[in-house]
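A quick write-up on the structure given underneath.
Nothing in this text is a laboratory measurement; each read-out follows from the coordinates by a stated rule. Keep in mind the model is a prediction, meaning the values are calculated, not measured. For neighbour counting, all protein chains shown are included, and Cβ atoms are generated from backbone atoms with ideal geometry for every residue, glycine included.
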Amino acid sequence: MLKRIALCLLAVVTVAFCCTACDSIGSVEQLLTPPRSGGELYDIQQALYNFAGRSVKLHYAHTGDNRSAFIRSDLDSDGVNEAVAFYSVANADGLAEIHINIIDTVDGGWVSVCDTATGASGIDKVEIAPLSEKGAPVIAVGAELFSSTANQISLFTYSKGHLYTRMKENYTRFLICDLAGVGYDQLVLLNHNSAERSAEAQVYSVGADYNTLLGAVSVDGNISGVTAFNMGKLTDGRAALFIDSAKSTSSMITDLVYFEGENLKSEFFDKTAGQTEATLRYNTLLCADINGDGTTDIPFAKLLPGYENLSADERMYLTIWRSFDGKKYADALAGDFNYDDGYYFEFPSVWLDKVTLVYDKSTNMHSYRLWNAEHNSALTEIVRLRCYSAAEYEDIQNDQLVELMRDDSRVWAARLIMTDGEYALDKEKVTDCFGKGEIK
């Protein structure tokens, strides 16, 4: 089964809720040097040079889809694209403040029509989309400021040759997407205050002359950093915000934010404890659509039988991927994830709470065994799983092993110990339970 699952554990899950009409022009290399040929890019750059001079330095966003110094989009809903340019010119103090320049077509040619300074030293992310039901496109610019360690998002609208500032807010992460499920995008912000150990998710609708806060909820701020901030789906089809944050170098939590009717809800944050404990796990796995069914699964960690009284660094966990519909969970996959050797092994349903793992550190051997709660022991072995070097594998008596997978230098193989009974695995079953992937 797992071989048919499209797993990408290093990537974060992104569901295609956000669609913009933006079109980045050219590669980074093209945009940092003058173009060698004519065409629209040349004309747009010439318009910027005519306004600001040829000593400008072009800037582009470090994250997001619009990583270009020039972004084309229909900013005023007139059916014709304009261009947004990001550049700086060093002042007498040596500071190079980034400017936003709007380049429009006038009498058939590209002309700089308006320009504004941002107070920024770098561009984090740029998105362009309407943020209200009948609103004009909003230019959302996430920027790194000279005067602050926090990022600031600025929202602009363009009309009749003028650039209007609609909103400025500090942020840690932001998304443009339809979290509310109303058919148009909203601005979704995450603000993490590391000094106060607090964090808040906020959702805004933004029009030409208004900003409306649709909801704000607390999430875990007692973290070392935000690892992933992405849209996904609940099992009932609703949009939801999945926030994966690091609690330490080896543990993670997930906060889940979604709308229940018109109310924004933070599912896992415990107000009394001041943090999220329900999704705490001692691994660094991120939320993902683990079984390819279109919904986002959260990796929970469950202590394996027999490890209850051991120290934290000696404990072994079963990872259980679960989807959520706003009321209840559904298990998508439960398995042992071996980070050192880069594989996962799904536990058959009959194994849950009945089988544990014995780990041999010297060989990285994973031995799956029946757990005897009465005698507090795990003596009955079912199957052993190990990653061998290719040379070592050829030197041993491997005819009793089930080869599961190999690459240029390694071979993953299993030894079947238990041959019959409800917990036993045959060659087909053990192969079906095994999956190789880039696991971090």
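3J(HN,Hα) couplings calculated from phi for region 388-403 with the Karplus curve 6.51 cos²θ - 1.76 cosθ + 1.60 (θ = phi - 60°) are, in sequence order, 9, 5, 4, 5, 5, 5, 6, 7, 9, 7, 9, 5, 8, 9, 9, 6 Hz; Gly and Pro show x. In plain terms, the residue of Ser248, Ser323, Ser377 with the fewest other Cβ atoms within 10 Å comes first and the most crowded comes last, giving Ser248, Ser377, Ser323.
Ranked for footprinting exposure by Cβ neighbours inside 10 Å, fewest first, Phe70, Phe347 give Phe347, Phe70.
For Phe300, the residues whose amide H sits under 5 Å from its own are Ile320, Trp321, Arg322, ignoring neighbours fewer than 5 places away on the same chain, with H placed 1.01 Å from N.
Relative contact order for region 341-384: what is it in percent, counting Cα pairs under 8 Å that are at least 6 residues apart?
Numbers: 50 pairs, mean separation 12.2, N = 44.
The normalised contact order for region 341-384 reaches 28 percent.
Over region 355-436, Cα pairs under 8 Å with separation of 6+ residues give a relative contact order of 22 percent. Charge dipole (Cα centre; +1 on Lys/Arg Cβ, -1 on Asp/Glu Cβ; no other charges) of the chain amounts to roughly 360 debye. Output the relative contact order of the chain, whole-number percent, from Cα pairs under 8 angstrom with separation of 6+ residues. The value is 10 percent. Shown in residue order for region 129-144 are the 3J(HN,Hα) couplings computed by the Karplus curve 6.51 cos²θ - 1.76 cosθ + 1.60 at θ = phi - 60°: 6, x, 10, 8, 4, 10, x, 6, x, 10, 8, 9, 10, x, 10, 9 Hz (x for Gly and Pro). Farthest towards the positive end of the charge dipole of region 299-435, among the residues Leu425, Asn372, Asn398, is the Cα of Asn372, using unit charges on the Cβ of Lys, Arg, Asp and Glu. Projecting the Cα atoms of Leu310, Leu264, Gln202 onto the charge dipole of the chain, computed from C-beta unit charges around the Cα centre, puts Leu310 farthest toward the positive end.
Overall, region 355-436 carries a charge dipole of about 260 debye about its Cα centre when +1 sits on the Cβ of Lys and Arg and -1 on the Cβ of Asp and Glu, all other atoms neutral.
In degrees, nearest 10, range 0 to 90: what is the angle between the Cα axis of helix 40-52 and the longest Cα principal axis of the chain? Rounded to the nearest ten degrees, it is 60. Exposure proxy ranking for Tyr329, Tyr388, based on other Cβ atoms within 10 angstrom of each Cβ and starting from the fewest, stands as Tyr329, Tyr388.
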